[in-house]
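Read through the structure below, which is laid out as structure tokens, and then see the notes.
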Amino acid sequence: MSDRRNDHSAEPEGARNLREEDCIVLDKPALVRAQVGAGVGNFMEWYDVGVYGYLAVTLTQVFTAGMDPTLGLLVTLFGFAVSFLVRPLGGIILGPLGDKIGRRKVMFFTIALMAVATTLIGLLPSSGTLGAWAVVPLYLLRMVQGFSTGGEYSGAATYIAEFAPDKNRGFWTSLLNSGSQLGFAAGAGVVAATSGIATQFWGPDAMVNGGWRIPFLVAFFLGIIAIALRSRVSESPSFEAAQQKTVEQAANPMFVRHNLPGVFKHYWPQVLIGIALIGADGASSYTLTSYMPTYLETQVGIATFHTALATVVILVLQAALLPVFGRMSDRLGRKPVYLAAAIGNLILLVPAFALMNLGTTWSLYVALMLVMIPGTLFLCMNAAVMAELYPTASRYCAVGFVQNIATSLFGGTVPLVSQLLVQVTGNSYAPAFYVMFFSAIAVVAALFMRETAARPLRGSVPVVSSREEARELVAGQDADERLDTSTMLLAPRPKVDDRA
């Protein structure tokens, strides 16, 4: 898992130089197991988002039959939003718990809870059985999903960021989001396949008459696989190292485990920056993944099958680009890539929506590409930067709150707010302006953000790929501005005997 040797050589008390033995040398197989174990939970989370997003119109007929269709669609989209409104509660409760008992245990709980809730949605009675009350159990299970997700992504992001080598953290954490996008693509693909097969064999009403259940029930089997894979992962080496504080270090707020008020007190600038960046990322990402199906069906008139197929293609491409852009952020820095993402949205979104409204196949794919590229630049750094903003002792708590409050308010509400904006203003470009507003705020946040690429995580020690890399790091530490030993949890130095 990791290699952190004890040093028996004498060193003057109070010395703060980094030693080779302070570095965590990564075990590559352990990192791969951690990546798979963490990624499978994010795959499941976004599988559910994809299924619900692409079944929104069908679920409107299933759970709100008898309502005005326009109102029914808003009721269904509120079911999407309500899970995100509960996410901060999951982050507030599960985040501090993850800092206390470990990342691995909390992540095991969240994946099991998510699988059960998604499966149960596939067993719910429709409005034909319960009438208007049919949406109540749907909302309740969506809330359970939201609670579990509140601890899932923030935990996985924290976990992988702590496992990854400092110089490649952007790359490794971006793979986590590649899994998320593949999960969404899988959800959209299962909906498209189920819809095509059911319609062909059982008629145009097959999805409303029960075919909609199949994509949700698939989550049961995904859950079994996810739990089996996650049971094989070990705890984060940085978290384990952070449990071995000295008395002196325990008095330093950076190395103390804070609850949410403590996080606000000590790290409020980072909290504000994090909310601004995640808000822009969420607005951009959820417009592409969750609102596009509804927009393309209701505003442009493109059938569900074609929108699902186009989005699957775009998301698979995005999943491939995420590690490329993640590695680019490791080399160029996080700030330049954030600025490129935000400015890209400001320039490209209006032309993208203009192309969408042409209603042709070629314009659909080009438009989705224009929406996807800036969103990918945001998403590739999401997990890395959130972990880099806060110290190890309080990281899960801080990331859990910031990630979830920003995603809930500015990401998960995108389908509902965007649809309302279109209906109230009559302007089909309103969703583009909504995303551009958050991107403008992200420009300001990126300018104030401290560069974090290729630096050790705050409150931890450097994580390196080999013992040779550790030696090179120690030898060049005096000239390396990325190293600040005052933020590191260094092992205690033996006192020098003055009589020697």
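The values are calculated or read from the model by the stated rules, or taken from the named source; none is laboratory data. Predicted, not measured: the structure shown is a model, and the values here were computed from it. Positions of Cβ are backbone-derived with ideal geometry, glycine not excepted, and every protein chain shown enters the neighbour counts. The area values use the complete protein model at the heavy-atom level, side chains included, leaving out ligands, DNA and RNA. Shrake-Rupley method; radii C 1.70, N 1.55, O 1.52, S 1.80 Å.
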| query | What residue, of 150, 170, 131, is under 19 Å from residue 226 (Cα atoms) and of a type outside the set (A, V, I, L, M)? | reply | 150
| query | Which one of the conditions (1) among the hydrophobic types (A, V, I, L, M, F, W, C); (2) touching a helix residue (DSSP H, G or I) at 6+ places or on another chain (Cβ under 6 Å); (3) farther than 30 Å from residue 388 by Cα does residue 225 fail to meet, given that it meets all the rest? | reply | (2)
| task | Scan 358, 368, 339, 349 and give me the residue that is farther than 22 Å from residue 277 by Cα and either not β-branched (Val, Ile, Thr) or not in a helix (DSSP H, G or I) (or both). | result | 358
| query | Going by the structure shown, is residue 130 surrounded by fewer than 24 Cβ atoms within 10 Å (Cβ to Cβ), more than 23 Å from residue 271 (Cβ to Cβ), of a type outside the set (Val, Ile, Thr) and at pLDDT 90 or above? | reply | no
| Restricted to region 470-483, and to residues that are farther than 16 Å from residue 384 by Cβ and touching a residue at least 12 places away in the same chain (Cβ under 8 Å), which residue is nearest to the chain's Cα centre (by Cα)? | 483
| query | How many residues does region 376-405 hold that are of a type outside the set (Ser, Thr, Tyr), under 13 Å from the mean Cα position of the chain (by Cα), closer than 22 Å to residue 314 by Cα and assigned to a helix (DSSP H, G or I)? | reply | 4
| note | Of the listed residues (433, 410, 438), the one being within 24 Å of residue 110 (Cα to Cα) and not aliphatic (A, V, I, L, M) is 410
| request: Scan region 108-126 for residues that are assigned to a helix (DSSP H, G or I) and surrounded by fewer than 23 Cβ atoms within 10 Å (Cβ to Cβ) and jot them down. | output: 108, 109, 112, 113, 116, 119, 120
| field | Filter result for the condition that a residue is over 23 Å from residue 344 (Cβ atoms) and either loosely packed, with under 13 Cβ neighbours inside 10 Å or at pLDDT 85 or above (or both), over 440, 470 | value | 470
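Residues checked against (1) buried (at least 24 other Cβ atoms within 10 Å of the Cβ); (2) within 24 Å of residue 71 (Cβ to Cβ); (3) aliphatic (A, V, I, L, M); (4) at pLDDT 95 or above:
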residue: 376; (1), (2), (3), (4): yes, no, no, yes
residue: 390; (1), (2), (3), (4): yes, no, no, no
residue: 397; (1), (2), (3), (4): yes, no, no, no
residue: 410; (1), (2), (3), (4): yes, no, no, no
residue: 415; (1), (2), (3), (4): yes, yes, no, no
residue: 422; (1), (2), (3), (4): no, yes, yes, no
residue: 428; (1), (2), (3), (4): no, yes, no, no
| Hey, among 464, 417, which residue is among the β-branched types (Val, Ile, Thr) and farther than 29 Å from residue 159 by Cβ? | 417
| message | Looking at 192, 156 in this structure, which one is assigned to a helix (DSSP H, G or I) and open to solvent by less than 10 Å² (accessible area, probe 1.4 Å)? | response | 156
| Out of curiosity, is residue 228 outside any loop (DSSP other than H, G, I, E, B), more than 27 Å from residue 92 (Cβ to Cβ) and free of Cβ contacts under 8 Å to residues at least 12 places away in the same chain? | yes
| message | Yes or no: region 272-286 includes at least one residue that is farther than 16 Å from residue 386 by Cβ and not small (Gly, Ala, Ser). | response | yes
| request: Please tell me if residue 433 is in a helix (DSSP H, G or I) and open to solvent by 30 Å² or more (accessible area, probe 1.4 Å). | output: yes
| query | Hey, does region 249-261 have a residue that's in a helix (DSSP H, G or I), among the aromatic types (Phe, Trp, Tyr) and open to solvent by 60 Å² or more (accessible area, probe 1.4 Å)? | reply | no
| field | Odd one out for residue 362 among (1) modelled with pLDDT under 95; (2) open to solvent by less than 40 Å² (accessible area, probe 1.4 Å); (3) not charged (D, E, K, R) | value | (2)
| message | Against the condition touching a helix residue (DSSP H, G or I) at 6+ places or on another chain (Cβ under 6 Å), in contact (Cβ under 8 Å) with a residue 40 or more places away in the chain and closer than 28 Å to residue 386 by Cα, how does residue 119 come out, does it pass? | response | no
| field | Tabulated pairs, region 306-333, first closer than 20 Å to residue 287 by Cβ, second among the acidic types (Asp, Glu) and open to solvent by 10 Å² or more (accessible area, probe 1.4 Å), C-beta under 7 angstrom, 6+ apart or interchain | value | 307/297
| field | Residues of region 293-330 satisfying the condition of being surrounded by fewer than 24 Cβ atoms within 10 Å (Cβ to Cβ), at pLDDT below 85 and within 23 Å of the chain's Cα centre (by Cα) | value | 312
| query | For region 74-107, how many residues are over 14 Å from residue 413 (Cα atoms) and open to solvent by 20 Å² or more (accessible area, probe 1.4 Å)? | reply | 9
| message | Regarding region 406-422, can at least one residue be identified that is within 14 Å of residue 273 (Cα to Cα) and under 15 Å from the mean Cα position of the chain (by Cα)? | response | yes
